[in-house]
Structure formats: C-alpha cells, structure tokens
Amino acid sequence: MEINIKQISQFPKGVFNVGVISDETTEHIVELSEVYYKQLTSEKITTEELIKRSFEFLLKRESNTSILSSFELSVINNYFPEYENIILNSINN
C-alpha cells in the first residue's frame, strides 16, 4: 500500500490531497489546523509526516475505501479515541 500526500494550501488551515494506492485507489481531502498540528506534534515532525502517520493508523483499522473522502484530521479521535495518544507516543519515542 502506498500513501501519496500533496499539500494544497498552507496554514492557518492546511489542506492536503491524500492518495492511497491499494487494490482500489482512493483520494482524500484532509484539513489540518495549525493549532491541532502544534498540539499533536510540538512541531517535531512535518505536516506531511503527521498526515502519513495518521493514514497508517487508519489503515491498520479499516480499508482505504472506508476512510472518509474529506475530513478534518482531528475528527479521527472521535472515531478512534486512542488516536492522539498513539500519535503522540510515536513522535516522542
């Protein structure tokens, strides 16, 4: 599985086009606020790396065809309450 990320717009509201190449290729539009990015990463990783890790997290739990086609990154935590802790731990370890 391959994850391709292209930034469409910069902060304060970053927008990314994410392509997931698998048996069935999907495209997703992901919004990321500067506040949420800093909260999760303390700017230790790039926005693209955060998006990539977030999709890796999602793909361990569901198929790429089940991932919303457009969403704000923070909404992941609504579906998977462990998301933020896992991302924080992956950055700090």
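FYI, it's all coordinate maths here, none of it is from the lab. All figures in this text were calculated on a predicted structure; none of them were measured in a lab. Cβ placement follows ideal geometry from the backbone for every residue including glycine, while neighbour counts extend to all protein chains displayed.
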Taking the range 36-70 only, how many residues are farther than 20 Å from M1 by Cβ and among the basic types (K, R)?
2
Members of the range 51-83 that are surrounded by fewer than 17 Cβ atoms within 10 Å (Cβ to Cβ), aromatic (F, W, Y) and not in a loop (DSSP other than H, G, I, E, B)
F57, F71, Y79
